[in-house]
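The values are calculated or read from the model by the stated rules, or taken from the named source; none is laboratory data. All of these numbers come straight from a predicted model, not from anything done at the bench. As a convention, Cβ positions derive from the backbone with ideal geometry for all residues, glycine included, and neighbour counts pool all protein chains shown.
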Amino acid sequence: MDSGPPTQTEPAASATGAGTTIIVCISCRDATGSDAHPRAGEKLAEDARRAAAGLPVEVRTAECLGNCKRRLSASILSEGAWSYVFGDLTEDCGADLVAGASLLADADDGKIPWRGRPDSLKRGLVARIPPLTLLKDRS
Ligand code: FES
């Protein structure tokens with residue numbers, strides 16, 4: 001998990017207040033695996049849209065994030081910041097995703113801090129990916 005101290009310390013573009021984007025997979029099914037519509041992923045996307053109303057957080061959708069085995073899935077992206085993929089979400093995790101997006105927007109190091117992160121985004125973390133601008137393995 002990513003509970004350790006940050007290893008990259010350069011300020012991220014998100015620290016300037018730029019908005020963040022949540023991408024929700026709308027193809028993910030509920031626990032029964034039903035093909036019924038709206039799918040559980042569509043309900044999560046709608047819940048996230050409600051939670052993001054009036055905030056500088058955009059909610060977009062995709063048809064598969066390649067995380068199908070971890071059930072309801074979403075990602076949080078922000079220019080110049082680390083990107084996150086989450087799974088094991090529920091239809092009512094929209095506010096958690098928006099909270100994570102807001103934490104990322106305010107983060108000085110371009111990472112969603114562990115402290116204050118909703119539990120669903122702790123348990124459900126699948127991966128985090130650094131932006132190319134923060135890679136230090138070569139110049
Ligand atoms: S169907 Fe949702 S991640 Fe693949």
Please indicate, with yes or no, whether at least one residue in the range 2-23 is outside any helix (DSSP H, G or I), modelled with pLDDT of 90 or more, within 16 Å of the ligand (Cβ to nearest atom) and not aliphatic (A, V, I, L, M). no
Subset of the range 38-52 that is in contact with a Cys (Cβ under 7 Å, 6 or more places away or on another chain) and small (G, A, S) - its residue that is surrounded by the fewest Cβ atoms within 10 Å (Cβ to Cβ): A40
S27 passes all but one of the listed conditions (1) over 19 Å from L121 (Cα atoms); (2) away from the ligand (no atom under 12 Å from the Cβ); (3) among the polar types (S, T, N, Q); the exception is number (2)
Hey, could you check the range 53-78 for residues that are more than 16 Å from the ligand (Cβ to nearest atom) and over 13 Å from the mean Cα position of the chain (by Cα) and say which is surrounded by the fewest Cβ atoms within 10 Å (Cβ to Cβ)? G54
